[in-house]
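To keep things clear, I will list the structure first and then write my remarks on it.
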Amino acid sequence: MVTAKKTKKTHESINNRLALVMKSGKYTLGYKTVLRTLRNSKGKLIIISNNCPPLRKSEIEYYAMLAKVGVHHYTGNNVELGTACGKFHRVSCLSIIDAGDSDIIKSLPGDH
Amino acid sequence: MVKFLKPNKAVIVLQGRYAGRKAVIVKSFDDGTRDRAYGHCLVAGIKKYPAKVVRKDSAKKTAKKSRVKCFVKLVNYRHLMPTRYTLDVDLKDTVTLDALQTRDKKIAAAKETKAKFEERFKSGKNRWFFTKLRF
């Protein structure tokens with residue numbers, strides 16, 4: 001299921017885009033709020049870490065399929081995703097509500 | 001970005017007495033009401049699934065096995081698992097918020113949904129909805 005090894009360049013660019021969203025856009029972190037944004041159709045993109053428990057991962061993916069929202073599986077665990085968000089805690093899943101100045105929503109769901 | 005908790009959506013109740021039962025959304029209150037300040041919806045679900053009917057059953061037995069017992073309830077969105085299935089039954093007029101006020105109105109609403117569900121079960125459509133979820 002893993003295509004080629006994710007090149008360092010695209011990984012860095014995702015981190016850059018995520019940093020821009022953190023600065024300029026709206027987002028929520030955490031499983032409960034991710035489901036809430038999916039239910040009220042505010043979420044535009046969901047990012048899940050690679051060590052998210054598989055049941056929770058499939059549940060989020062199912063909700064996103066119903067809501068027709070893209071899901072990105074971040075190459076990195078929740079510690080790394082938390083760092084990428086500029087937070088000092090682990091982030092297992094996050095939902096981007098408004099991308100602000102970033103083009104993360106346009107560029108990401110292509111590669112899913 | 002598509003709203004999916006809409007009327008006629010089949011859902012599975014996750015918490016409470018009816019946990020594990022399938023239900024259909026009749027009316028959704030996304031922003032809540034004064035009494036319930038959270039997103040919730042009115043669902044009509046199956047309390048007791050119809051039994052498996054075999055060909056060699058007599059007509060009387062088939063009738064008995066095809067009975068469905070229903071419930072009507074207001075459930076928080078958090079306590080539901082939406083599915084990709086829908087159930088097209090017109091329950092808008094029979095199952096209303098006001099039917100939940102008194103006990104006999106609730107029983108009357110449940111009886112009417114029972115009739116509609118049984119008719120749908122006998123027609124053979126929406127088979128997924130009438131099979132018990134095994135867990």
Next on the checklist: Considering only the range A:69-85, I want to know if a residue exists there that is surrounded by fewer than 19 Cβ atoms within 10 Å (Cβ to Cβ), charged (D, E, K, R) and within 12 Å of another protein chain (Cβ to nearest Cβ).
Outcome noted: no
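Give the residues of the range B:51-103 that are among the aliphatic types (A, V, I, L, M), in contact with a Pro (Cβ under 9 Å, 6 or more places away or on another chain) and closer than 14 Å to B:LYS27 by Cα, sorted by residue number.
Pass one, the range B:51-103, residues among the aliphatic types (A, V, I, L, M): B:51, B:53-54, B:59, B:63, B:68, B:72, B:74-75, B:80-81, B:87, B:89, B:91, B:95, B:97, B:99-100.
Now restrict to residues that are in contact with a Pro (Cβ under 9 Å, 6 or more places away or on another chain): B:68, B:91.
Answer for the range B:51-103, where residues must be among the aliphatic types (A, V, I, L, M), in contact with a Pro (Cβ under 9 Å, 6 or more places away or on another chain) and closer than 14 Å to B:LYS27 by Cα: just B:LEU91.
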Item to check | Selection within the range A:46-68 - hydrophobic (A, V, I, L, M, F, W, C) and closer than 11 Å to A:LEU35 by Cα | outcome: A:ILE46, A:ILE60, A:ALA64, A:ALA67
Checklist entry - List the pairs whose first member sits in the range B:120-135 and is in contact (Cβ under 8 Å) with a residue 12 or more places away in the chain, whose second member is basic (Lys, Arg) and assigned to a loop (DSSP other than H, G, I, E, B), and whose Cβ atoms are under 8 Å apart, counting only residues at least 6 apart or on separate chains? => result B:LEU133/B:ARG21
Checklist entry - Do you know which residues across the range B:92-124 are touching a Leu at 6+ places or on another chain (Cβ under 9 Å) and assigned to a loop (DSSP other than H, G, I, E, B)? => result B:VAL95, B:THR96
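State which residue is farthest from A:LYS26 (Cα to Cα) when the search covers only the range A:91-105 and only residues that are under 13 Å from the mean Cα position of the chain (by Cα) and either free of Cβ contacts under 8 Å to residues at least 24 places away in the same chain or surrounded by 19 or more Cβ atoms within 10 Å (Cβ to Cβ) (or both). Show your work before the answer.
Quick first cut of the range A:91-105, residues under 13 Å from the mean Cα position of the chain (by Cα) only: A:91-99, A:104-105.
Filter again for either free of Cβ contacts under 8 Å to residues at least 24 places away in the same chain or surrounded by 19 or more Cβ atoms within 10 Å (Cβ to Cβ) (or both), leaving A:91-96, A:99, A:104.
On the way: A:VAL91: 16, A:SER92: 17, A:CYS93: 15, A:LEU94: 11, A:SER95: 9, A:ILE96: 6, A:ALA99: 6, A:ILE104: 12 Å.
Only one residue fits best here, namely A:SER92.
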Item to check | Breaking point among (1) within 14 Å of another protein chain (Cβ to nearest Cβ); (2) within 18 Å of A:VAL91 (Cβ to Cβ), for A:ASN50 | outcome: (1)
Item to check | Qualifying positions in the range B:21-65 - outside any loop (DSSP other than H, G, I, E, B) and among the basic types (Lys, Arg) | outcome: B:LYS22, B:LYS27, B:LYS47, B:LYS48, B:LYS60, B:LYS61, B:LYS64, B:LYS65
Next on the checklist: From the list B:VAL54, B:VAL75, exactly one residue is within 14 Å of another protein chain (Cβ to nearest Cβ) and farther than 27 Å from A:GLY70 by Cα. Which is it?
Outcome noted: B:VAL75
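None of the figures in this text is laboratory data; all of them are computed from the coordinates on show. Fair warning: this is a prediction, and the values are worked out from it, not measured in the lab. Using ideal geometry, Cβ is built from the backbone for each residue, glycine included, and neighbour counts are taken over all protein chains shown.
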